[in-house]
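The next block holds one structure in the form of structure tokens; read it before the comments.
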Amino acid sequence: MKKKILITDRFAHDSYLYLQQHSHFEVVRSDSPQHLPLEHLVSANALIIRSRTKINEELLQKARQLQLIVTCTSGFDHIDLDATQKWGVTVMHTPTANIESAAQLTWGLVLNCVNNIPQASKMVKAGDWNRDLITGMELTGRTYGIVGLGRIGSRVAELAQAFGMNVVAYDPYQEDDVFERLHIPRLSYEEVLKTADVLSFHVPKTLETEHMLNRSQFEYIHRGIVLINTSRGSVINENDLCEALEKGWLRSVGLDVFEKEPLHRNSNLLKYPNVVLTPHIGANTEDAFFKASQIAANKLMAFFVDGSTSDTLPPRAPWYGAAPFKGE
């Protein structure tokens, strides 16, 4: 009997093209990730999704034939993993697919921030050629601080070294050999915040990382720092961030993620000219979409051929479910 596969997002289209070639799968697509067609959901054996499809108890109660969910994303906070475990549904994700895209966007924000590119572009378009108002900062010889030296953080570190920067990092879950391989000194969280000229976060959403950058850290953070977040919006307390901006403690800020998305049109973050904002596009490249779709399709094939799994959720990692962050 054919396995029915429901693909819920147009950005997973390559999964559809690949799986459609195999006669033992019936593959259907939905154009509405938020409202999946009930007639397909109730008979689906597997879902291939992205973050716009929310997996919760209500959905799982309808999808009684569901055996597998593969999300074409590295993050997974759109999935109720307690519910999937309760209903016996295997869940996998694609954490390697967006490494280059996320690292590239991180550096896009860094360069926009240190060279004031958004302000300069706005001036030129307005017919203003007053170059004295635009002064950048050279990166060579300065210190780049990384919080979270995983796949993306490690790639960001390599790019920082290519710019001639001194890289330091905090990650209590990485072994010493990761730091040694990248020639990066292991520092405490407090030390990174105090020494970095540019700082970026590359951590998952957990209790430990929620608001790990807040008023208490802004009190001693390196003055004039460039702050970048392309991980999860919950990492930074936005009210405390705005307070730090008001006090002039930060040179500039680049954010791709926010505490609540989409960002509210009345958010105080919108009023600061030295804040560069993008709408959570760290994985939004053609290449990342293609890689995630292909990886997801291969994981699904392997699961139904021989029952093998990889990158299963919840993660079997010490950081998952860790206690709230208390500082150092």
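Worth a mention:
- Residue check, R29 open to solvent by 10 Å² or more (accessible area, probe 1.4 Å) and farther than 16 Å from K299 by Cβ: yes
- Residue match in region 113-134 (condition: under 16 Å from T230 (Cβ atoms), touching a residue at least 12 places away in the same chain (Cβ under 8 Å), in contact with a Ser or Thr (Cβ under 9 Å, 6 or more places away or on another chain) and surrounded by 15 or more Cβ atoms within 10 Å (Cβ to Cβ)): yes
- Selected residue (only one of S74, S23 is among the polar types (S, T, N, Q), closer than 15 Å to K299 by Cα and open to solvent by 20 Å² or more (accessible area, probe 1.4 Å)): S74
- Matching residues, region 246-293, being farther than 20 Å from S234 by Cα, touching a residue at least 12 places away in the same chain (Cβ under 8 Å) and part of a helix (DSSP H, G or I): D287, A288, F289, F290, K291, A292, S293
- Within region 224-234, the set of residues being over 11 Å from the mean Cα position of the chain (by Cα), not polar (S, T, N, Q) and not in a strand (DSSP E or B) comprises G224 only.
- In region 1-19, the residues that are in contact with a strand residue (DSSP E or B) (Cβ under 7 Å, 6 or more places away or on another chain) and part of a loop (DSSP other than H, G, I, E, B): K2, T8, D9
- Residue in region 232-239 that is basic (K, R) and open to solvent by 40 Å² or more (accessible area, probe 1.4 Å) present: yes
- Enumeration of residues in region 168-194 that are in contact with a Gly (Cβ under 8 Å, 6 or more places away or on another chain), β-branched (V, I, T) and free of Cβ contacts under 8 Å to residues at least 40 places away in the same chain: V168
- Selection status of A288, open to solvent by less than 30 Å² (accessible area, probe 1.4 Å), over 15 Å from I152 (Cβ atoms) and not aromatic (F, W, Y): no
- Taking the criterion of being polar (S, T, N, Q), open to solvent by 60 Å² or more (accessible area, probe 1.4 Å) and in a helix (DSSP H, G or I), the only residue of region 294-313 that qualifies is N298.
- Matching entry among L60, L111, L36 (being over 21 Å from L313 (Cα atoms) and modelled with pLDDT of 95 or more): L111
- Verdict on L149 being open to solvent by less than 10 Å² (accessible area, probe 1.4 Å) and either assigned to a loop (DSSP other than H, G, I, E, B) or not acidic (D, E) (or both): yes
- Residue list for region 161-191, restricted to those being assigned to a helix (DSSP H, G or I) and over 21 Å from the mean Cα position of the chain (by Cα): Q161, A162, D176, D177, F179, E180, R181, L182, E190, E191
- Selection from region 208-224 of residues that are surrounded by fewer than 13 Cβ atoms within 10 Å (Cβ to Cβ) and in contact (Cβ under 8 Å) with a residue 12 or more places away in the chain: S216, Y220, R223, G224
The values are calculated or read from the model by the stated rules, or taken from the named source; none is laboratory data. Predicted model only: the values in this text are computed from it and were never measured. For neighbour counting, all protein chains shown are included, and Cβ atoms are generated from backbone atoms with ideal geometry for every residue, glycine included. Just so you know, the surface numbers come from the protein's heavy atoms only, side chains and all, with ligands and any DNA or RNA stripped out. Shrake-Rupley method; radii C 1.70, N 1.55, O 1.52, S 1.80 Å.
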